[in-house]
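Notes follow the structure.
Each value in this text was obtained by applying a stated rule to the coordinates, not by laboratory testing. It should be emphasised that the depicted structure is a prediction, and the values quoted were computed from it without experimental measurement. So basically every Cβ, Gly included, is an ideal-geometry build from the backbone, and we count neighbours across all protein chains shown.
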Number of protein chains: 2
Amino acid sequence: MNSSLQNLSKALEDLDDLLGSRLSTKKIIRDHHSGDESWHTPQRPDAVCFVNNEEEVSRALAICNEHCVPVVPYGTGTGLEGGTIACNGGICIDTSGMDTIVKVNTEDMDCVVQPGVTRKQLDAYLHNSGLFFPIDPGADASLGGMAATRASGTNAVRYGTMRENVISMRVVTADGSIVSTGNRARKSAAGYDLTHLYVGSEGTLGIIVELTLRLHGLPEAVSSARVYFEDVDGAVNTAIQTIQCGIPIARVELLDAEQVRAINRYSKTRFPEKVALFLEFHGSNASVKEQAETVGEICAEFGGSDFEWTVYEEERREMWDARHSAAYAAMAVRPTAKAYATDVCVPISKLAECIRESREDVENNLTIPSFCLGHIGDGNFHYVFLVDPDSELELAQVQQLSGRIAQRAIDFGGTCTGEHGIGLGKQKYLEIEFGAEAIALMRLIKQAIDPRNIMNPGKLLPLEQRH
Amino acid sequence: MNSSLQNLSKALEDLDDLLGSRLSTKKIIRDHHSGDESWHTPQRPDAVCFVNNEEEVSRALAICNEHCVPVVPYGTGTGLEGGTIACNGGICIDTSGMDTIVKVNTEDMDCVVQPGVTRKQLDAYLHNSGLFFPIDPGADASLGGMAATRASGTNAVRYGTMRENVISMRVVTADGSIVSTGNRARKSAAGYDLTHLYVGSEGTLGIIVELTLRLHGLPEAVSSARVYFEDVDGAVNTAIQTIQCGIPIARVELLDAEQVRAINRYSKTRFPEKVALFLEFHGSNASVKEQAETVGEICAEFGGSDFEWTVYEEERREMWDARHSAAYAAMAVRPTAKAYATDVCVPISKLAECIRESREDVENNLTIPSFCLGHIGDGNFHYVFLVDPDSELELAQVQQLSGRIAQRAIDFGGTCTGEHGIGLGKQKYLEIEFGAEAIALMRLIKQAIDPRNIMNPGKLLPLEQRH
């Protein structure tokens with residue numbers, strides 16, 4: 001029995017004292033906590049802890065830290081970059097049981113939630129309150145996981161991402177310290193911005209145990225629109241022009257013809273199978289009409305056709321449900337495959353060029369099914385490739401192609417990931433994007449906060465070259 | 001000659017080789033770099049470096065780090081919490097010469113500037129571009145200094161603070177490393193958020209040498225309004241109701257009767273000398289009118305009188321120039337005094353109560369001139385006290401009172417500083433606000449990035465209790 005196994009066994013003893021039956025080493029439980037929704041190969045943790053409160057998280061981390069055992073935080077397992085895969089074994093801390101909505105402060109338009117609360121759970125809770133939380137990744141992710149990956153979704157162009165919508169948090173660091181990163185003030189010039197340090201830290205600096213989130217007032221009026229184009233350029237240029245005109249559009253989503261076709265098949269919709277923009281406008285009755293008219297004119301200018309808009313909630317819901325199922329719809333085209341998603345984001349002035357070059361690259365170099373969709377008001381788009389998990393050739397081709405797309409985005413002044421995170425798959429691009437000095441600075445921070453490297457080791461930061 | 005003097009003298013030799021005549025030890029130059037606009041006693045640095053580019057900053061910091069000499073970054077010296085006071089001597093690095101506007105990307109609505117560019121310089125440069133930068137503290141501060149203190153101003157209620165408007169930066173860390181904290185993408189899930197770590201770090205983690213800033217499209221229409229109240233409560237409740245109705249108001253500024261009187265005297269205006277709200281609306285022609293009408297109704301509900309609104313630029317400019325001179329107008333009431341400003345920010349549901357209790361505290365315990373003004377859409381308000389610098393009694397009274405105001409804000413779930421920073425004066429409240437665990441975490445970060453504690457030592461973080 002080597003020393004790391006000895007450590008693990010001591011940690012399991014202490015965790016058993018702490019959690020009893022809520023510590024599991026059953027294979028089926030470990031299997032359930034071995035992967036996420038990405039193409040990365042699942043790897044099982046040695047045990048799973050089901051925690052109920054921040055005190056338990058604190059004590060569990062103190063135990064793992066004492067025995068130098070890796071910890072993998074886990075919410076819903078719906079990530080797209082392998083963040084919850086136990087690539088170094090260790091203890092998975094499942095926070096899904098911490099699912100209490102602690103408080104909604106209607107007057108201040110904020111709420112306090114535990115990390116296991118999912119976005120749909122919060123949606124349902126806020127029903128009829130006049131408020132909503134705008135961040136909507138495709139999956140029904142946990143809010144702790146969404147903060148940890150700096151998630152966004154279709155509303156980010158108007159309402160921002162998790163970066164702009166987490167007011168403060170409570171986090172537990174590697175040694176078990178419970179830290180409050182801020183308060184409920186709308187702005188503050190007090191001290192280092194610990195909140196933003198933890199948003200996007202992917203479980204590598206600690207575990208989020210409570211979040212104070214910004215809520216938004218439901219707009220007086222909402223209208224949606226759809227419009228179709230002969231090619232992606234027209235759709236992209238429409239979105240760019242809309243943003244540059246300062247129209248406060250709430251959603252502007254690109255779907256290529258293949259994606260629309262997959263959605264029609266999966267969601268039983270009958271959208272014309274062309275390049276589409278799905279749009280949404282929020283505001284007063286007058287302003288929603290004004291926005292839709294202006295955008296209608298821009299669409300016409302760039303060759304858009306069949307522009308139709310609606311204020312009926314049922315029609316809107318059908319359209320956005322279909323949009324949120326896009327990834328699952330794509331996957332249904334080749335059920336035996338795994339989805340491999342790129343996630344670049346570029347300055348909007350470079351978006352048309354970046355998508356065009358990427359599309360040519362895909363068309364010239366790939367024969368497997370691929371889909372392009374994007375939150376293009378932010379400059380963020382995805383290519384989704386359906387890869388046969390048994391084909392090393394396909395995976396190699398897709399990885400090379402994804403690498404070229406990431407490099408292209410970085411060359412255009414953008415990022416390799418707009419909303420999925422670095423996880424296991426993008427560490428190489430993180431280094432290219434930021435440069436060695438920034439990576440060294442990130443590593444200093446990591447080492448200071450987690451000196452034994454127990455927190456989600458192997459994620460986000462590239463492995464250090466030791467001399 | 002003790003070791004720290006030896007170190008200083010060696011550093012000065014190396015800096016002389018690097019900068020020649022742009023290194024100054026002249027008393028008059030050191031005097032000019034000894035203080036800021038706060039009540040804190042100025043303290044001279046041992047020398048001042050006038051740097052011209054990031055390479056010089058890098059080499060200067062490497063020299064100071066090698067010899068363990070304190071470094072104080074300096075922009076315009078217009079801070080309000082002693083951030084530029086050389087309380088441990090050392091080298092002042094004056095970045096005012098780095099004042100180039102490197103690039104304006106009109107299509108992406110962003111710009112790249114050096115840290116010595118001031119906000120009014122950028123304003124003038126953007127004239128006729130259709131874009132503007134919204135952050136407007138009272139002083140014509142440098143953008144590097146504004147980022148370092150997480151500054152805001154009158155537009156923050158709609159456009160956010162420096163936190164929301166710095167897209168990325170280049171910074172030089174204590175050892176001279178030049179780090180790029182991000183890129184121009186509007187959102188990113190890549191790596192730790194170094195940008196936000198440096199926004200608000202008050203020169204304690206390095207020196208900002210370049211900023212990429214978010215710009216905003218000039219609204220199609222702008223209108224301003226003024227309204228007067230018999231007491232502060234009516235004005236505050238009007239602001240709260242306006243925010244809670246979701247009106248996207250651009251500015252909502254409170255001034256008490258004493259502040260309006262001081263402004264009239266200083267700026268030769270003739271505003272009724274009552275509690276006032278200065279308001280501004282941005283949007284389309286129709287929406288600006290709609291907003292002003294709705295707010296006019298809310299004002300009437302809370303006892304507002306003489307509501308008048310205007311779209312004429314000259315009238316608007318007169319009003320906002322007067323508002324921006326508020327601090328100088330207050331100081332002119334007692335020219336021999338120094339201004340001592342509080343800066344709390346609370347959740348808006350607690351704002352009326354917090355201002356009311358604070359006002360009673362001021363009225364019951366202070367006889368020197370005091371003024372209340374605030375960016376109350378954010379929940380942020382200032383009390384400005386005019387203190388005789390030779391009276392220990394006055395200073396002690398004001399410090400105790402300010403402490404009670406800070407404690408009250410913290411008890412209401414708010415912060416001791418909305419926009420001025422911690423600097424020298426608020427370290428005690430930082431600890432109360434965040435708790436020992438968060439301070440310990442901040443200290444770990446500081447020690448990791450600046451192990452020799454050369455970067456603006458004595459600022460932001462409370463002195464560590466060594467055992």
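Based on the mean of other Cβ atoms within 10 Å per residue, sort peptides B:454-462, A:201-209 so the most packed one is first.
My ranking of the peptides, most packed first, is A:201-209, B:454-462.
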Sorted by Cβ neighbour density within 10 Å, fewest at the top, the residues B:ARG150, A:ARG30, A:ARG334, B:ARG170: A:ARG334, A:ARG30, B:ARG170, B:ARG150
Alpha carbon centre of segment B:1-54 versus segment A:7-50: separation in Å? 57 Å
Footprinting proxy, A:ARG356, B:ARG59, A:ARG163: sorted fewest to most Cβ within 10 Å, the residues are A:ARG356, B:ARG59, A:ARG163
Distance in Å, no decimals, from the C-alpha centre of segment A:347-410 to the one of segment A:73-143 is 29 Å
Listed by chain and number, the lysines with an alpha carbon less than 19 angstrom from that of A:LYS289, same-chain partners under 8 positions apart left out, are B:LYS289
Would you please give the FRET efficiency between B:GLU107 and B:LYS10, computed as 1/(1 + (r/R0)^6) with r the Cβ-Cβ distance and R0 = 51 Å, to the nearest 0.05? 0.55
Inter-copy spacing of B:SER129 label points, which lie 7 Å from Cα along Cα→Cβ, given in nm from shortest upward: 4.0
What does the copy distance list look like for B:ARG265, label position 7 Å along Cα→Cβ, in nm and ordered from shortest? 7.9
How high is the FRET efficiency between B:ASP390 and A:LEU218 when r is their beta carbon distance and R₀ equals 45 Å, given to the nearest 0.05? 0.20
The protein assembly as shown, Cα convex hull volume normalised per residue, Å³: 172 Å³
Across peptide A:100-109, what mean number of C-beta atoms from other chains lies inside 10 Å of a residue's C-beta? 3
May I ask you to compute the full-extension gain from B:SER305 to B:ASP411, defined as 0.36 nm times their residue separation minus their alpha-carbon distance, rounded to one decimal in nm? 34.8 nm
Here the relative contact order (percent) of segment B:333-411, from C-alpha pairs under 8 Å and at least 6 apart, is 42 percent
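In whole percent, what relative contact order does chain B give with Cα contacts below 8 Å and a gap of six or more residues?
Numbers: 992 pairs, mean separation 72.6, N = 467.
That works out to 16 percent.
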Paramagnetic reach from A:ASN128 (point 7 Å along Cα→Cβ, amide N under 17 Å) across segment A:285-324: none
Partner chain coverage, peptide B:327-336 - average Cβ within 10 angstrom: 0
Just to be sure I understand: if I project the alpha-carbon convex hull of chain A onto a plane and average over all orientations, what area do I get in nm²? 22.6 nm²
Per DSSP H run of at least 4 residues, take -39500 (n - 2.57); add these up for the protein assembly as shown, divide by its residues and hand me the 222 nm value, nearest 500 deg cm²/dmol. -11500 deg cm²/dmol
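Highest mean first, what order results for B:436-446, B:420-430 on Cβ atoms within 10 Å?
B:420-430, B:436-446
How many percent of DSSP beta bridges within segment B:3-94 run antiparallel, rounded to 5?
The antiparallel proportion sits near 20 percent.
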Here the whole-number average of other chain Cβ atoms within 10 Å per Cβ of B:418-424 is 3
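For each pair in A:LYS103/B:LYS274; A:LYS268/A:LYS350; A:LYS187/B:LYS446, compute the distance between the two Cα atoms and list the pairs where it is over 29 Å. Could you put the intermediate results ahead of the total?
Working: A:LYS103/B:LYS274 38 Å; A:LYS268/A:LYS350 35 Å; A:LYS187/B:LYS446 22 Å.
Checking Cα-Cα distances, A:LYS103/B:LYS274; A:LYS268/A:LYS350 exceed 29 Å.
Note the full-extension length gain between B:LEU463 and B:ALA436 as 0.36 nm times their separation in residues minus their Cα-Cα distance, in nm to one decimal.
8.5 nm
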Measuring nothing but label to label, 7 Å from Cα along Cα→Cβ, what are A:ASP361's distances to the other copies in nm, shortest first? 5.8
Per residue, how much space in cubic angstrom lies within the convex hull of the C-alpha atoms of segment A:3-94? 85 Å³
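List the GluC sites (Glu not before Pro) within segment A:331-409 that fall in a DSSP loop (any state other than H, G, I, E or B) and whose Cβ has at most 13 other Cβ atoms within 10 Å.
Hits after loop and neighbour filter: nothing returned.
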Filtered hits (lysines, Cα-Cα < 23 Å from B:LYS10, offset >= 8 within chain) -> B:LYS26, B:LYS27
Straight-line reach check, B:LYS426, cutoff 12 Å on alpha carbons, 8 or more apart in-chain or any other chain, hits among aspartates and glutamates -> B:GLU81, B:ASP343
Cα-centred dipole magnitude for segment A:3-94, charges only on beta-carbon of K, R (+1) and D, E (-1), debye, nearest 20: 300 debye
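Beyond 23 Å, how much of the Cα-Cα pair distribution for segment B:333-411 remains, as a whole percent?
Details: 545 of 3081 pairs.
It works out to 18 percent of all Cα pairs.
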Ascending count of other beta-carbon atoms within 10 Å, so fewest first, for B:THR25, B:THR154: B:THR25, B:THR154
